[in-house]
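Below: one structure, written as structure tokens.
The values are calculated or read from the model by the stated rules, or taken from the named source; none is laboratory data. Here the structure is a predicted model, which is why all the values come from computation and not from measurement. A quick note on method: Cβ atoms are made from the backbone with ideal geometry, for glycine too, and the neighbour counts reach across all protein chains shown.
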Amino acid sequence: MSTKPVASSTTQLQRYHHRRGQGSGRIVSGVGVMIFMLLLGAYFLFPLLWLLVASTKSTTELFSTPMLGLAKEVHFWNNLRDLTLENNGLYWRWYLNSIVYSTAVASGATLISALAGYALAKYNFVFKQTAFMLVLISLLVPGAALSVPIFLLVRASGMVNTYFAVIVPLLISPFGVYFMNVYIGESMPTELINSGRVDGASEFQIFLRIAMPIIRPGLLTLFLIAFIGAWNNFFLPLLVVSDPNLLPLTLGINIWVSTISASTNKIPPYPFIMMGSLLSVLPMVVLFPVLRKQIAAGLITGGLKM
Amino acid sequence: MKRNRAVPYLMLSPFFLLYVVFFVYSLCYAFYLSLFASQAGETFFVGLQNYIQALHDKAFWSSIALVVAFALMQAVTILLVALVLALLLDSPAVKGKALFRLIYFLPYAVPGVIATIMWGFLYSPQLDPILKLVASLRGGKPVDLLNTRNLLYGILNIATWEWTGYNMTLYFAGLTALPLEIYDAAKIDGCSEIQTALRIKIPLLRSIIVFTSVLSMIGSLQLFNEPLLLGSLTTIPSSYTPNLYIYNMAFRFSNFHYSATLSFSLALITLAASLLFLFLTGVVRFRRPSPAMRSGSAP
């Protein structure tokens, strides 16, 4: 599970047998527990299943058919086509924006965090403890607490409605620095750095050519966590972009949702909301079985050391 | 060696440059703005007048009281459910563990905005058979999770749906890190499964439980996305949560100076809560340079 060996004398196989209950055979009312687990599983899957069904319905069917039952006619492809044609493909423009924002944020934050984490893990210097403290403090202050101050700053510098305003504030990732510090400390032998120095490599060459390949699994984990974080972000882009062509998916869909309360006679575009929401979660949900291990491994390394 | 001395500072500089701009300077700028007020198109210096107003602003303080209550309820709910799930997944009573771990963790990949939209629609009584069922149990009285009194529970459910699997993953990982010898010893002493869980597993997870709870409580103070989005489906007061109030103050009432005052106050309150936690528990520790690292031997 973990990216690094956990300090214990237990092997994977022993743990497997422990969880299989071999030997003891004592089962805490197995059936009741399984029903409980299945019910909770249904709870976690239910909204996503509903969204999938809802995306196949027209507006009237949405309110006239049972919530998990399909309508007589399946309008999935119609809804998809309408969504694609809406406003010259504005939805896909948002999709592209989300991909650009998330990729830029995840790549930048991963690199910046890796550099900082490497410095904290592998060097001794005068302000090291101070730097630790500053990272810790920012780790405990959620981004949302700073969103409005950052917006006021962005507004004063005339950067509202730019890619810059969405991406750059998110490049600072205290969790990333903390995580890379722990990860590099655990997985990167200092003697490799020393042998690099003996070979005459500069410190940055050592970081790029020796450290980066070794910590690649950790970099991937952080990239995924940062990517999901940026993809899901809402508050900061809500403040700093209003140009429809620059919105990320979460904000674009919100525009449609906000028409529900608007006091106009137009019917809110329910099929767009359903289909748009479905497509925005689809890649992540489909890839999740593959990504889960990598993400969990990272959370474990970062989380357990706290 | 002289050249090396600058290297760690250079490596830290991109992070701390952004830190200074977006953490320190943005807060300073918000404070600067909060010292002014606008009236009839003119801006003038008012000193700490805005803070005196905030101190007496009932809407602001009741929004803080609401998120504090929410933070406590959310921490307890998620903690309990996640812990029970992690313990069950670590026991022999459950089959198909890998699949359950995947399903429970899945909502982590769903944006909070989408989760809120889905649940928001599911809460609307004309759509939801579960709410109808509950209503028939209560003698036909419909349950409206979107009315102002129940709204907080509706949001609590969304947060539980989103974050339980995340916390469960952390707890499960903590259980995986415990050596099995502990359980053998417990078995010899005649501990049942449940006793082992209560007396051994939970105490050993203590630090990670404290940490995740407090982090989720600090995060809850910032509650914003859910009430903002649900505001499209129902009526929500403009000062429901502190961040919603700050947002509306800037964007609906165009009072940037008072908005800056409130957001600076909220950031200070959050910072104070975080530091209090940091010093009270001492749970969070950075990896100090270990002797093994300094002598250059790898783990």
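Restricting attention to the range B:171-197, the residues that are among the acidic types (D, E), free of Cβ contacts under 8 Å to residues at least 60 places away in the same chain and in a helix (DSSP H, G or I) total 2. For the range A:106-123, state whether one or more residues are of a type outside the set (D, E), assigned to a loop (DSSP other than H, G, I, E, B) and within 7 Å of chain B (Cβ to nearest Cβ). The answer is yes, given that some residue of the range A:106-123 is of a type outside the set (D, E), assigned to a loop (DSSP other than H, G, I, E, B) and within 7 Å of chain B (Cβ to nearest Cβ).
Could you tell me whether any residue of the range B:285-296 is aliphatic (A, V, I, L, M) and either within 21 Å of the chain's Cα centre (by Cα) or at pLDDT 95 or above (or both)? Please lay out each step first, then the result.
Step one: filter the range B:285-296 for residues aliphatic (A, V, I, L, M), giving B:292-293.
Next, from what is left, pick out any that are either within 21 Å of the chain's Cα centre (by Cα) or at pLDDT 95 or above (or both): none.
No, the range B:285-296 contains no residue that is aliphatic (A, V, I, L, M) and either within 21 Å of the chain's Cα centre (by Cα) or at pLDDT 95 or above (or both).
Restricting attention to the range A:179-194, the residues that are more than 21 Å from the chain's Cα centre (by Cα) and part of a helix (DSSP H, G or I) total 9.
If only residues of the range B:1-46 that are in a helix (DSSP H, G or I), surrounded by fewer than 18 Cβ atoms within 10 Å (Cβ to Cβ) and polar (S, T, N, Q) are counted, the one that is farthest from the other protein chains (Cβ to nearest Cβ) is B:S13.
Within the group A:V154, A:V141, which residue is in contact with a Leu (Cβ under 7 Å, 6 or more places away or on another chain), within 24 Å of B:T270 (Cβ to Cβ) and among the β-branched types (V, I, T)? Can you show your working first?
Values: A:V154 fails: in contact with a Leu (Cβ under 7 Å, 6 or more places away or on another chain).
Going through A:V154, A:V141 in turn, the sole match is A:V141.
Considering the conditions (1) touching a Ser or Thr at 6+ places or on another chain (Cβ under 9 Å); (2) surrounded by fewer than 20 Cβ atoms within 10 Å (Cβ to Cβ); (3) touching a residue at least 60 places away in the same chain (Cβ under 8 Å); (4) more than 7 Å from chain B (Cβ to nearest Cβ), A:T190 is excluded by exactly one of them, (4). Any chance the range B:197-213 includes a residue that's away from chain A (no Cβ under 11 Å), over 19 Å from B:V81 (Cα atoms) and either at pLDDT 85 or above or surrounded by 20 or more Cβ atoms within 10 Å (Cβ to Cβ) (or both)? Taking every residue of the range B:197-213 in turn, none turns out to be away from chain A (no Cβ under 11 Å), over 19 Å from B:V81 (Cα atoms) and either at pLDDT 85 or above or surrounded by 20 or more Cβ atoms within 10 Å (Cβ to Cβ) (or both). Among the candidates A:L219, A:L236, A:L251, the residue that is part of a helix (DSSP H, G or I), over 19 Å from B:R252 (Cβ atoms) and touching a residue at least 60 places away in the same chain (Cβ under 8 Å) is uniquely A:L219. Considering the range A:200-209, the residues that are more than 10 Å from every other protein chain (Cβ to nearest Cβ) and either in a helix (DSSP H, G or I) or at pLDDT 90 or above (or both) include one that is nearest to the chain's Cα centre (by Cα), namely A:L208. The number of residues in the range A:49-94 being crowded, with 16+ Cβ neighbours inside 10 Å, part of a loop (DSSP other than H, G, I, E, B) and among the β-branched types (V, I, T) comes to 2.
Residue count for the range A:139-155, restricted to those that are at the interface with chain B (Cβ under 7 Å from one of its Cβ atoms) and either assigned to a loop (DSSP other than H, G, I, E, B) or farther than 20 Å from A:I228 by Cα (or both): 8. Within the range B:248-263, which residues are within 22 Å of the chain's Cα centre (by Cα), more than 7 Å from chain A (Cβ to nearest Cβ) and buried (at least 24 other Cβ atoms within 10 Å of the Cβ)? Answer for the range B:248-263, where residues must be within 22 Å of the chain's Cα centre (by Cα), more than 7 Å from chain A (Cβ to nearest Cβ) and buried (at least 24 other Cβ atoms within 10 Å of the Cβ): just B:L262. The number of residues in the range B:228-244 that are more than 10 Å from chain A (Cβ to nearest Cβ) and either farther than 22 Å from A:L251 by Cα or buried (at least 24 other Cβ atoms within 10 Å of the Cβ) (or both) comes to 2.
One residue stands out in the range A:124-133 among those that are at the interface with another protein chain (Cβ under 7 Å from one of its Cβ atoms) and part of a helix (DSSP H, G or I): the one that is surrounded by the fewest Cβ atoms within 10 Å (Cβ to Cβ), namely A:F132.
Rundown of residues vs (1) within 22 Å of A:V141 (Cβ to Cβ); (2) at pLDDT below 90; (3) of a type in the set (D, E, K, R), yes/no style:
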site: B:S216; (1), (2), (3): yes, yes, no
site: B:G219; (1), (2), (3): yes, yes, no
site: B:Q222; (1), (2), (3): yes, no, no
site: B:S232; (1), (2), (3): no, yes, no
site: B:L244; (1), (2), (3): yes, no, no
site: B:L262; (1), (2), (3): yes, no, no
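Consider A:I215 carefully, then state whether it is buried (at least 19 other Cβ atoms within 10 Å of the Cβ) and away from chain B (no Cβ under 12 Å). Criteria met by A:I215. Would a scan of the range A:272-285 turn up a residue that is farther than 14 Å from B:V113 by Cα, touching a residue at least 12 places away in the same chain (Cβ under 8 Å) and outside any helix (DSSP H, G or I)? No, the range A:272-285 contains no residue that is farther than 14 Å from B:V113 by Cα, touching a residue at least 12 places away in the same chain (Cβ under 8 Å) and outside any helix (DSSP H, G or I). Within the range B:142-170, being assigned to a loop (DSSP other than H, G, I, E, B) and more than 18 Å from B:N225 (Cβ to Cβ) holds for B:P142, B:V143, B:D144, B:N147, B:T148, B:R149, B:N150.
The set of residues from the range B:98-114 being of a type outside the set (F, W, Y) and either touching a His at 6+ places or on another chain (Cβ under 6 Å) or facing another protein chain (nearest Cβ under 7 Å) (or both) comprises B:L102, B:I103, B:L106, B:P107, B:A109, B:V110, B:P111, B:G112, B:V113, B:I114. Considering only residues that are more than 8 Å from every other protein chain (Cβ to nearest Cβ) and free of Cβ contacts under 8 Å to residues at least 12 places away in the same chain, which ones fall in the range B:70-96? Within the range B:70-96, B:V76, B:L80, B:V84, B:G96 qualify.
With respect to the conditions (1) under 23 Å from A:Y118 (Cβ atoms); (2) surrounded by fewer than 24 Cβ atoms within 10 Å (Cβ to Cβ), A:V177 lacks only one, and its number is (2). Of all residues in the range B:87-124, those being over 17 Å from the mean Cα position of the chain (by Cα) and farther than 24 Å from B:A177 by Cβ number 9.
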